[in-house]
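Chemist: Submitted below is the structure of interest, expressed as structure tokens.
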Amino acid sequence: QVQLVESGGGLVQAGGSLRLSCAASGRTFSRYAMGWFRQAPGKEREFVAAISRSGDSTAYAKGRFTISRDNAKNTVYLQMDSLKPEDTAVYYCAARDGYGIFTTTLQYNYWGQGTQVTVSS
């Protein structure tokens, strides 16, 4: 199993940047493909970005975001630039054991508790 803890959320003005972090417990972080999702009030959770277990493959729903990982630190990051008010949501990181890239909520086994991102206009 793996436990995930997100951090780095907060309030930012439109056009600003934030970097979210997701720290994973355990010694086998490199076994897990990772993803970021977000959920705004009244909306379904949606895919934001994903990265393979080695970090050599990525996928995105948003062109302004960059996902990366540091397997030595058991951490995955989401760099968010040029933020817009519509990016306001709770952001979740997710993990699943296996090779490849995964872009749907059903494909992930483990979830963090989420971190709030609020973008003011």
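The values are calculated or read from the model by the stated rules, or taken from the named source; none is laboratory data. Predicted, not measured: the structure shown is a model, and the values here were computed from it. As a convention, Cβ positions derive from the backbone with ideal geometry for all residues, glycine included, and neighbour counts pool all protein chains shown. Accessible surface is based on the protein model in full, side chains and every heavy atom, while ligands, DNA and RNA are left aside. Shrake-Rupley method; radii C 1.70, N 1.55, O 1.52, S 1.80 Å.
Chemist: Taking the stated definitions as given, is Ser21 more than 13 Å from the chain's Cα centre (by Cα) and modelled with pLDDT of 95 or more?
Modeler: So Ser21 does not fit the description; no.
Chemist: Please go through the stretch 24-49 and pick out each residue that is in a strand (DSSP E or B), without any contact (Cβ under 8 Å) to a residue 60 or more places away in the chain and open to solvent by less than 50 Å² (accessible area, probe 1.4 Å).
Modeler: Hits for the stretch 24-49 are Trp36, Phe47, Val48, Ala49.
Chemist: In this structure, is Val76 crowded, with 19+ Cβ neighbours inside 10 Å, of a type in the set (A, V, I, L, M, F, W, C), in contact (Cβ under 8 Å) with a residue 24 or more places away in the chain and touching a helix residue (DSSP H, G or I) at 6+ places or on another chain (Cβ under 7 Å)?
Modeler: no
Chemist: May I ask you to verify whether Leu83 is within 14 Å of Gly8 (Cβ to Cβ), modelled with pLDDT of 95 or more and outside any strand (DSSP E or B)?
Modeler: Yes; evaluated as a whole, the condition is true for this residue.
Chemist: Still on this structure: Residues being farther than 30 Å from Gly15 by Cα and either loosely packed, with under 12 Cβ neighbours inside 10 Å or of a type in the set (Lys, Arg) (or both): count how many of those fall in the stretch 105-121.
Modeler: Looking only at that region, the number is 1.
Chemist: Restricting to the stretch 79-104, what's the tally of residues that are closer than 30 Å to Ser121 by Cβ and open to solvent by less than 50 Å² (accessible area, probe 1.4 Å)?
Modeler: So the answer is 10.
Chemist: Looking only at the stretch 50-73, count how many residues are in a strand (DSSP E or B), open to solvent by 50 Å² or more (accessible area, probe 1.4 Å) and closer than 14 Å to Phe102 by Cβ.
Modeler: So the count comes out to 2.
Chemist: Can you tell me which residue is least open to solvent (accessible area, probe 1.4 Å) among those in the stretch 1-23 that are over 19 Å from Thr118 (Cα atoms) and assigned to a loop (DSSP other than H, G, I, E, B)?
Modeler: Here the residue is Val2.
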